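Beneath this line is the structure, given in structure tokens, with notes to follow.
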Amino acid sequence: MSQTIAIETRDLCKSFGDVKANDHISLSVPAGTVHGIVGENGAGKSTLLKMLFGFYHPDSGEVLVSGVSQSFTSPSDAMAVGIGMVHQHFMLVEPFTVLENIILGAEGSSKLDDAKGMARAKLLALEEQFGFNLPLDEPVETLSVGVRQRAEILKALYRGAETLILDEPTAVLTPQECVQLFELVSQLRDQGKTVLFVTHKLHEIMAITDNVTVIRAGKTVAERKTAETSSEELAELMVGAKVVRATARDANEATTARLALENVKATGDHGLMLKDINLQVLEGEVLGIAGVAGNGQTELLEIITGLRPVDVGKICFDGETISSPQEMTDPITLRRMGMAHVAEDRLKTGVVESMSARENAILGYQREQEFSRKGLLRLKAIAEKAAGYFESQDVRPRNPDLPIASFSGGNQQKLVIARELAQDPSLMVIGQPTRGVDIGAVTKIHDQITALRNAGKAILVVSADLDELLAISDRIAVMCEGEIVGTLNIEDATETKLGLMMAGNKGEAA
Amino acid sequence: MEFFTDLILLLDSTLRTATPLVLAGLAGLIAERSGIVDIGLEGKMLAAAFAAAAAAAVTGSPWAGLGAGIGASVALALLHGWVSIAQRGNQIVSGMAINIAVAGLAPTLANFWFRKGGQTPLLDDEARFSAITLPFADALADVPLLGGLYSELLSGHNLITYLTAAIVPLVAWMLYKTRFGLRLRAVGENPEAVDTAGISVTLLRYQAMIITGVLCGFAGTVLSTGLGGGFIRDMSAGKGYLALAAMIFGRWKPVPTLLACLLFGFVDALQGRLQGVDLPLIGEIPVQFTIMLPYVLTVVILAGFAGRMQAPKASGIPYEKDH
């Protein structure tokens, strides 16, 4: 393998508002290798890629291609120096044929027939070289996802890409298509191309890459030779290990299950996401769900809260079946039954951004007698309620008239939690309780969860933050690739054990 | 033989009324293929009709009229483009605003300049695109069947109608056989793909709006200086909306759009012929009902077929790079 460096970044930084998406990212990719970039969702991988491909301009730092410093202002600049990218969402025009998609922007002639003729000859040679066999004259919309992806790769090669960036390439593929992709990637490497393989799936990194860079919270935390690391080590590096906080907890001997999932299977937006889930949340306990983001946690929250149907199995809440393949209880009924839901993606499903904090304070409960009568809102009652939440949770600034979007993440979350607590739920389902929440508010939220637990309620918490789960849970179940790998009692749970399980190692299951 | 003559006259009148529809339909097609919904075809057409009639009245030249018509229409198209592309505004609101503004502004300006109650002065024949008699049309008029077809149906239209006959294949060629057409079709479907391919979405869409403006300019000019002899208030009479309907019925494709426009033109010509005619069995249809025909057809067609039509995917959605 040659020692020239295909792509190097030096202290790349990029911020969006107050958020440092990339914070001094440095990495170096030798030519002719497959280089993995791993990190959780939101770790800053996409931002990094967009800078490498000229979509974003870095705030500071440098990108070097074959040792030459570059300043990309658009993707065409990146393409001009031989960088090609296959985006997670394909950049294809669906009614166009494969051939038309490939030549778009690189037609070579203003007459389309001439352009197609020239391209066809060149493409056949490329197909020969790399072992493609694509239906050039079929409209893309008729092709499978795997074939579309190959069309994207061929498109990049046609434009003379020497380095290919593949962004989460397996996210949309079937297992068989993944195998074909891996073969193609090896083929590309054998022919001297450099591949940047970005994923959050560790077994793929182990299977296909030569080197790997781990990114966490916008920073490069490690660079390893794949042969000298393990998926366990990578999992720990991705998630991070910090000091465990302890919150006072009462003893809990209850055995009654508030929530029970029996043999549940469910389909996500890209195929089967939950494979045979069995889970119980008992009275007076916090069950934490750990796992590398994207392993089915979102779908788990959705099936419990009545947002996604199950394909197989059933879900019971206080002994009543709330979801089965035949019927699904809607969220309003679930709320009335005593299930509160703090949504994982706050801005998308937890609040309505453009509405005032006061309106958001009753969202989901606006039909209740307390807040409306005969279709008319009881504005005074609502205002009093909202004011009460602002006081009890110390939401700042103390102005319920402001749109919720103008509050910080922590203050939004405090309001949402107050709203859900106010109905005295017997089961609380919480996704990412402290994501985007400032440190001060984190402790308060954790204390409230513990208080709820001590009052005998059942709480299910999905979190990407292991420290958080270790601090507040009674038991932690670990998910990997749509399955519960195992469940640990808090006394037995350690970072290392959880890390192993998050990498899919069932040996540690308790 | 009388039926045949009637039919020829009906078709002749179809070609005439369809001319502005076809031009506006193609204008809408180019806009939507680039991803911009243009409900302002009506306003652009009306503005062009006024500008063309005014310029022709002042200069005495139909060519000056055409230039002014195209200029006015392109200016409005660029305004719509600026709102839609640069400001990422609501395209329907922008289009409606243009329609309403022009409907009020044109008669006001006409009144201010010409003091004829919101109209422009009646144009002389030299200041209009008047009927062109094709070679030998008179000589061949007496040849049975074909002679009538040639001299009555094909001969005797204005220059812009003949131009339109050439513009349809030109637009189709541009759309399907040129690099520009490929990019135009792509940007209306998936602007992100165009952007990542290193082509400017903004530039492409502005180019499309200019073409839309030029075509609407022709459409408006033919209204006031070809078919009519001057500008009168609201003379576009909903033709911009009809053209939009025809374009949808024509599935955003040039030739089917042409056919849809001819259908609308035919129905419009038919309603003109039916006025005051005593039909067997039914008797005379009140004029209010016959005038409704093209619009009823629009509703029926759009209700019956439009649901199944696949519009360009990105049509009407402002392109935002970062999200």
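Computed from the coordinates by the stated procedures, all read-outs in this text should not be read as laboratory data. Since we're looking at a predicted model, the values are computed, not measured. Cβ sites come from the backbone with ideal geometry, for glycine too, and all protein chains shown count toward neighbours.
A few remarks follow.
- Volume of the convex hull of segment B:72-111 (Cα atoms only), normalised per residue: 53 Å³.
- Based on Cα contacts under 8 Å between residues 6+ apart, chain A shows a relative contact order of 15 percent.
- Across segment A:5-239, the mean sequence separation of Cα contacts (distance under 8 Å, 6 or more residues apart), normalised by length, yields a relative contact order of 29 percent.
- At most 15 other Cβ within 10 Å, DSSP loop - chymotrypsin sites (Phe, Trp or Tyr not before Pro), segment B:103-143: B:PHE136
- Dipole of segment A:5-239, positive end: most advanced residue of A:GLY160, A:VAL93, A:SER186 [Cβ charges, Cα centre]: A:GLY160
- In summary, segment B:1-77 shows an alpha-carbon radius of gyration equal to 1.40 times the 2.2 N^0.38 Å reference for compact globular proteins.
- Cβ-Cβ FRET estimate between B:LEU270 and B:ILE210, R0 fixed at 41 Å, reported to 0.05: 0.70
- In chain B, the longest principal axis of the Cα atoms and the axis of helix B:287-305 are about 40 degrees apart.
- Pair-distance profile P(r), taking every C-alpha pair of segment B:107-228, with 10 angstrom steps and integer %: 11, 25, 24, 21, 16, 4, 0
- Once exposed loop GluC sites (Glu not before Pro) are cut out (DSSP; at most 11 other Cβ, 10 Å), longest piece of chain A: A:1-252
- Cα gyration tensor, segment A:5-239 - rounded (a/c under 1.5), prolate or oblate: prolate
- Degrees between helix B:239-249 axis and first principal axis of chain B (Cα, 0 to 90, nearest 10): 70
- Dipole magnitude of chain A about its Cα centre (Cβ charges: Lys, Arg +1; Asp, Glu -1), debye to nearest 20: 1160
- With Cα atoms, 0 to 90° folded angle of helix B:41-59 axis to chain B main axis: 60
- C-alpha center-to-center spacing [segment B:203-273, segment A:255-318] in angstrom: 57
- Residue (of A:ILE332, B:TRP63, B:LEU154) at the positive-pole extreme of the protein assembly as shown, dipole from beta-carbon charges: B:TRP63
- Alpha-carbon gyration tensor eigenvalues x 5, square-rooted, for the protein assembly as shown, Å: 62, 36, 24
- When the alpha-carbon atoms of segment A:426-510 are used, the pair Rg, Dmax equals 13.2, 38 angstrom.
- Site pair A:SER15 and B:GLN87 shows an inter-label distance of 3.2 nm when each label is modelled 7 Å from Cα along Cα→Cβ.
- Label point 7 Å beyond Cα of A:SER408 along Cβ direction - residues of segment A:359-396 with amide nitrogen under 13 Å: A:395-396
- Among the listed pairs B:LYS253/B:LYS321; A:LYS201/A:LYS225; A:LYS193/A:LYS219; A:LYS116/A:LYS155, those beyond 20 Å (Cα-Cα): B:LYS253/B:LYS321; A:LYS193/A:LYS219
- When the alpha carbon coordinates of chain B are projected onto the principal axes, the ranges are 66, 46, 41 Å, largest first.
- Förster radius 41 Å - calculated FRET efficiency between B:LYS253 and A:THR496 (Cβ-Cβ, nearest 0.05): 0.05
- For segment A:1-130, the equivalent ellipsoid derived from the Cα gyration tensor has semi-axes of 31, 18, 14 Å, listed largest first.
- Cα centroid separation, segment A:375-431 to segment B:86-142: 59 Å.
- Within 10 Å of each Cβ in B:170-179, the average number of Cβ atoms from other chains: 3
- Segment B:115-184: trypsin sites (Lys or Arg not before Pro) in DSSP coil with no more than 12 other Cβ atoms inside 10 Å: B:ARG115
- A simple charge model with +1 on the Cβ of Lys and Arg, -1 on the Cβ of Asp and Glu and nothing else charged puts the dipole of segment A:5-239 at about 280 debye relative to its Cα centre.
- Shape of segment B:187-323, Cα gyration tensor, a/c cut at 1.5: prolate
- Counting only other chain Cβ atoms within 10 Å of each residue's Cβ, the peptide A:49-57 averages 1.
- Counting DSSP beta bridges with both ends in chain A, the antiparallel % (nearest 5): 60
- Counting, for every residue in A:95-102, the Cβ atoms of other protein chains within 10 Å of its Cβ and taking the mean gives 3.
- Using a Förster distance of 35 Å, the FRET efficiency for B:ILE285-B:THR133 (Cβ separation, nearest 0.05): 0.55
- Cα point-scatterer Debye curve for segment A:257-508, base-10 log of I(q)/I(0) at q = 0.08, 0.13 Å⁻¹: -0.30, -0.81
- Label positions at A:ILE332 and B:LEU149, each projected 7 Å from the Cα along the C-beta direction, are separated by 6.6 nm.
- From phi via Karplus (6.51, -1.76, 1.60), per-residue ³J(HN,Hα) for segment B:90-105 in Hz, x at Gly/Pro: 6, 6, 5, 4, 4, x, 5, 4, 5, 4, 5, 4, 5, 4, x, 6
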